[in-house]
Amino acid sequence: MKKELRYIVGTIAALVLSSAPCVESSAQQDPSFTHFWMVETEFNPAAAGNSELLRGIGVYNAQLAGYKNSPKTMLISADMPLFFVGPQHGVGAYFMSDDAGFFSLKNFAVQYAHHRKLFSGTLSVGLQVDLLNQSFDGGKLNLEDSDDQAFSTGTMDGSKIDVSFGLAYKWRDLRVAASVKHITAPTILLGETNEMSIKRSYYFTAGYNIKLKNPLFTIHPDVFWMFDGVDSKAYIHSRLQYDNGEKMMFGGLSYSPSASAAIIVGGRFHGVVLSYSYEAFTSGAGLGNGNHEVVVSYQTPLNLYKKGRNRHKSVRLL
C-alpha cells in the first residue's frame, strides 16, 4: 500500500507543480526492494567490499501491476574489496532509476567502506556520495484541453550532490546494520521556480543464518525497516536455502505489517543467481495488483595476491 501511495502522491504533486508558478513539494520516497538482503549496498554503503568477492547485481521492480504510469525501479550495482590497498578496504558504485507517475529520480552513487576486526566480529563503516537528478515529465499529463496554459507539458529537471552514511557489524552468523541516506536532505530546483525536497531516510537491518542438522540446508531470517521522518516501511523475511556444490536454490516469504505479503523463489544457474518475487498488497490495491521483482546476480572470488590466479567461479549466496 505504501508504494501505491507513492504513485498517488506523485500524481497530485505533478498537478500542483504544473499549475503553480512557484511551489515546493516533496519528492517520492526512496524505493524499497523485496530482495533487500541481496541489495544492501543500495541503502547502506558499509556493505561495499565486505567479502573477498567482486559482486554485480541488477534489479528490476515493477510496482502496482495493471496501473498506468505505475512506479518502476531499476538498479545496477557493483562492489569489491581493495586487496592492493589492504583487505580492510572496499569500494562500490550503483545507478538507480526510480520512475513514479510523472516523476523520475536518477541516483548515481560511489561508495567507500572500511572493515576492521572488533572484539570477535567485524565492524564496517561506509560513506557514499550521490548525484541525484529529479525530473518531471509534463508530457505524460492527460489533459482534455492540450492548449491549457495552466499546465506545463514540458520536461523540468534539476540535480544535487548528496551524502549517505552506514554502519554494520557481523559476529559469526549474526548481522546488524544501520544507515542514513540523503544526510543533507537536499532541495532540487526543477526548472526556474519549482522545488522538490528529498527526505532524509533511516534504515535498520538484521539477519541470522540458522544451520540445520542436514548441512545442505540453512534458514535465513532477516528484518528490514526504513523511516523517512513521516512514513515507514518494514519487512519480516525468512527463506530456506539449499547448497550442494554449484547447486543452490532458495524459497521464502516476506511480510510487511498492515501492507503486503511476498513469495520469493530463486537459485543459481550456470554461475548466475536468478530470483523472482511477487509482493501482494493485503489491502487497497488488492492481491492482483502487486509488485513484480526480478534480480540477476553474479559474484566471483578475487585473489590478487597470487600471480596470474584470479579464478572465476560462483560462490554461495549469503
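Values quoted throughout were computed directly from the atomic coordinates according to the rules given, and no laboratory measurement underlies them. Please read all numbers here as calculations on a predicted model, not as lab measurements. Glycine gets a Cβ as well: all are built from the backbone with ideal geometry, and neighbour counts include every protein chain shown.
By the count of neighbouring beta-carbon atoms within 10 Å, fewest first, 173, 98, 222 end up ordered 173, 222, 98. Summarised in one figure, the compactness ratio Rg/Rh of region 197-310, Cα atoms and Kirkwood Rh, is 1.07.
For chymotrypsin sites (Phe, Trp or Tyr not before Pro), the sites in region 49-92 that DSSP calls loop and that have at most 12 other Cβ atoms within 10 Å are 84. Coordinate range of the alpha-carbon atoms in region 151-240 per principal axis, descending: 64, 27, 22 Å. Spacing of the modelled spin labels on residue 280 and residue 193, each 7 Å from Cα toward Cβ, amounts to 4.8 nm.
Among 94, 169, the ranking by other beta carbons within 10 Å of each residue's beta carbon, starting with the fewest, stands as 169, 94. Within a Cβ distance under 13 Å of residue 96, other residues only, what is the Lys/Arg minus Asp/Glu net charge? Local charge sum for residue 96: -3. When the C-alpha to C-alpha distance is required to be over 24 Å, the pairs from 160/181; 117/160; 106/181; 106/233 that qualify are 117/160.
Take every pair of alpha-carbon atoms less than 8 Å apart whose residues are at least six positions apart; their mean separation over the length of region 65-111 yields a relative contact order of 35 percent.
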